[in-house]
Amino acid sequence: MSVARAPAVIGRRPRRDKVRGALFYGLLLVSVSIGFVLLGTLIVDVLRKGIGYLDPLLLTEPTSTDPDKAGAGPAILGTIYMMLILLVAVVPLGVGTAIYLEEYANRERWYNRLLELNIQNLAAVPSIVYGILGLAFLVRGLGLGRVLLAGALILTLLVLPTVIVASREAIRAVPDSIRQGAYALGATQWQVVARQVLPAAIPGIATGSILALARAIGETAPLLLVGALTYVAVNPTLLGSFTALPVQIYQWISRPQDEFRLLAAAAIIVLLAILLTMNAFAIWLRNRYQKRW
Amino acid sequence: MAARDTTVGARPGPVRLRAEGRRWGEVAVKGLLAACALVSVATTAGIVVALLEPSVEFFSDVSIVDFFSGDRWAPLFNPPSFGVQPLLVGTFMVTVWACLVALPFGLGAAVYLSEYARPGVRRALKPALEVLAGIPTVVFGFFALTFFTPLLDDLGVEVGIFNVLSAGLVMGVMLIPTVASISEDAMTAVPQELRDGAHALGASRLQVSTRIVIPAAVSGIVASYVLAVSRAVGETMIVLIAAGGLAQITVDPREPAQTMTAFIGATGLGDVPTGSIEYKTIFAVGLALFVVTFAMNILSIRLVRKYREIYE
């Protein structure tokens, strides 16, 4: 005969379990907040260090050996020019690829599946490898030299997968009933895409493209390899030597004098301000125009 | 007009639904779109060709055995030495420290978002995490060098001005959103019935999270881990700025080190003469970097597909 055991208490957990649950919850809260703590510290730190050098000179003057006279004017212009080229190059390519994959490609075919795999892999290739590509083909191979156009084209290839993925999601979110309605009225495939699907997907595509652009203008490593780390005193031209804001920041960080570190902090404030504005605009765009079907 | 049969009462013939001829405009559009898609194929092909050709030349000058077995990396010295081990060890050390932060905390953040956060909190937190992921790496490098390293020093960890520890830890925090976002996707894909069943059997939230949701989402979690490792291996600016440029074999995280990416960045930013051995080392190291990250990316993509197949 077995000894009678105490009946299980229903509806109450052992104290030990409660403590464990609370500990676990605490750990989760730490996990989710650690990133924000770092982000907050980073922003406060950068503001504290850079605010003294944040003046109009920073936005207009070229860099100099004297930190009190140095600015990031050509670098900021270089970044703006690259952003414009990027916008013109990456959006049509990205949206075109996304339309092909979502509306035209037959997924049973091996080459289309390979194409998808290829894009997913490209999205995770280290950015410096794109720099090597630019060095080998644009700077040396085509003989463009270390020019702004080479930098802009490399950034285009770098963020192309991001734009493709975002555009595909936007296109996929357009319900099939809209396509079928248009077909039923006699529209051709391109008419359906151009007049029904694309207009409905534009908010999503725009949001994704802006976020991709924001990522591109913060990139430093690939630009180092196509020669953005040079002294540029004049405003950049398409086929002239150039620098960009993050590269200028890197150059100032790598100087030994403390004043240049503070100058770098000031330039970081400018860079973060541009990026946050773009992010906020993208989010506003998404909330304002995104349709719920 | 004359051809049309307007006779009252005549049975209408079958309506032809097929197009009269091929629509060449449609064909052209499809070709144009496919050409856009080919750009990304050309990019991959370009990367492979760009890396392979100078690498082959490099390995005809330097024996591949010496490259992998040598423990001294000094390509710019005279006589030069091309043992890649210091770069591999440096890359490994930075990656390990980054993962010590990113993997547990990324998973924790994912569990919180998927299992604990209320919908409103979750909707607010997810874009905020994206902001963290959108901070340029040069900024994280600055932060590691000018804030985190002095902080570690003040805390009694005797780190050098350039050190692996600071670069690795800051990179780890940067990678938390990568891990959290993919893991959370996988956890959200776990059917609610599994959770309900466990709760009905008396499981606590902790038990549901750790014994039901995490095991069910494991392929997605591993995918996020592999991707985080791949990104840590490929990250350039943080290590270039905060870990220094000394290629040495050491496991002491307070010491400086050089990674594969930092070597490429540091060497490539000068005007290296085409065809010189320094120029070719950039490509040989780049090839090693590409192969390693490529393998991890493909593994990660496969794992993500696996959980999608199971639950969607």
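We did not get these values from a lab; they are worked out from the coordinates using the rules stated. Not measured: the values here are computed from a predicted model. Cβ sites come from the backbone with ideal geometry, for glycine too, and all protein chains shown count toward neighbours.
Odds and ends about this structure:
- Cα gyration tensor, chain B - rounded (a/c under 1.5), prolate or oblate: oblate
- Span-rule helices in chain A, defined as complete DSSP H runs reaching 15 Å or more along the axis (Cα) with Kyte mean at least 0.0: A:15-50, A:73-99, A:148-172, A:198-217, A:258-289
- Once both labels are positioned 7 Å from their Cα atoms along Cα-to-Cβ, the gap between A:R113 and A:V234 label points is 5.6 nm.
- Partners of A:K69 within straight-line reach, counting lysines whose Cα lies under 27 Å from its Cα and excluding those fewer than 8 residues away in the same chain: A:K49.
- Residues B:M171, A:M278, B:M93, ranked from the fewest to the most other C-beta atoms within 10 Å, line up as A:M278, B:M93, B:M171.
- Residue with peak Gaussian network fluctuation, chain A [Cα springs, cutoff 10 Å], from A:Y183, A:Y81, A:Y53: A:Y183
- Axis of helix B:218-234 versus longest Cα principal axis of chain B: the two differ by about 50°, to the nearest ten degrees.
- Across peptide B:121-132, the mean count of Cβ atoms from other chains lying within 10 Å of each residue's own Cβ comes to 3.
- Across chain A, the relative contact order, built from alpha-carbon pairs under 8 Å that are at least six residues apart, equals 26 percent.
- Shape category assigned to region A:31-181 from the gyration tensor of Cα positions, a/c cut at 1.5: prolate
- Under a 5 Å amide H cut-off, with hydrogens placed 1.01 Å from N, B:F82 pairs with B:A74 among residues at least 5 apart or on other chains.
- Most mobile of B:D66, B:D185, B:D196 in a GNM of chain B (Cα contacts under 10 Å): B:D196
- Region B:99-208: GluC sites (Glu not before Pro) in DSSP coil with no more than 14 other Cβ atoms inside 10 Å: B:E158
- Listed residue (A:G143, B:M187, B:V89) projecting farthest to the positive dipole end of the protein assembly as shown, Cβ model: B:M187
- Relative contact order [Cα under 8 Å, 6+ residues apart], region B:21-141, whole percent: 10 percent
- Projecting the Cα atoms of B:A133, A:P256, B:G168 onto the charge dipole of the protein assembly as shown (Cβ charges, centred on the Cα centre) puts B:A133 farthest toward the positive pole.
- Most mobile of B:S60, B:S276, B:S40 in a GNM of chain B (Cα contacts under 10 Å): B:S40
- Gyration tensor verdict on the protein assembly as shown (Cα atoms; rounded if a/c is under 1.5, prolate if a/b is larger than b/c, oblate otherwise): oblate
- Long-range Cα-Cα pairs in region A:237-285 (distance over 13 Å), rounded percent: 63 percent
- Cα-based helix-to-principal-axis angle, B:119-133 vs chain B, degrees rounded to 10: 60 degrees
- Calculated log₁₀ intensity ratio I(q)/I(0) where the Debye formula runs over C-alpha points of region A:176-283, q = 0.23 Å⁻¹: -1.20
- Residue (of B:L32, B:L103, A:L58) at the positive-pole extreme of the protein assembly as shown, dipole from beta-carbon charges: B:L32
- Between the helical axis of B:164-188 and the longest alpha-carbon principal axis of chain B there is an angle of about 20 degrees.
- The calculated pair-distance distribution of region A:16-63 uses every alpha carbon pair, bins of 10 angstrom beginning at 0, and gives 22, 24, 21, 15, 11, 6, 1 percent.
- DSSP-loop trypsin sites (Lys or Arg not before Pro) across region B:70-124, with at most 16 other Cβ within 10 angstrom: B:R72
- Taking the convex hull of Cα positions in region B:173-301, its mean projected area over all directions (nm²): 10.4 nm²
- Along its principal axes, chain A has C-alpha extents of 93, 63, 37 angstrom, given from the largest down.
- Mean per-residue shielding of peptide A:22-30 is 5, counting Cβ atoms of other chains within 10 Å of each Cβ.
- Loop-located chymotrypsin sites (Phe, Trp or Tyr not before Pro) in region A:187-288, at most 12 other Cβ atoms within 10 Å (DSSP): A:Y231
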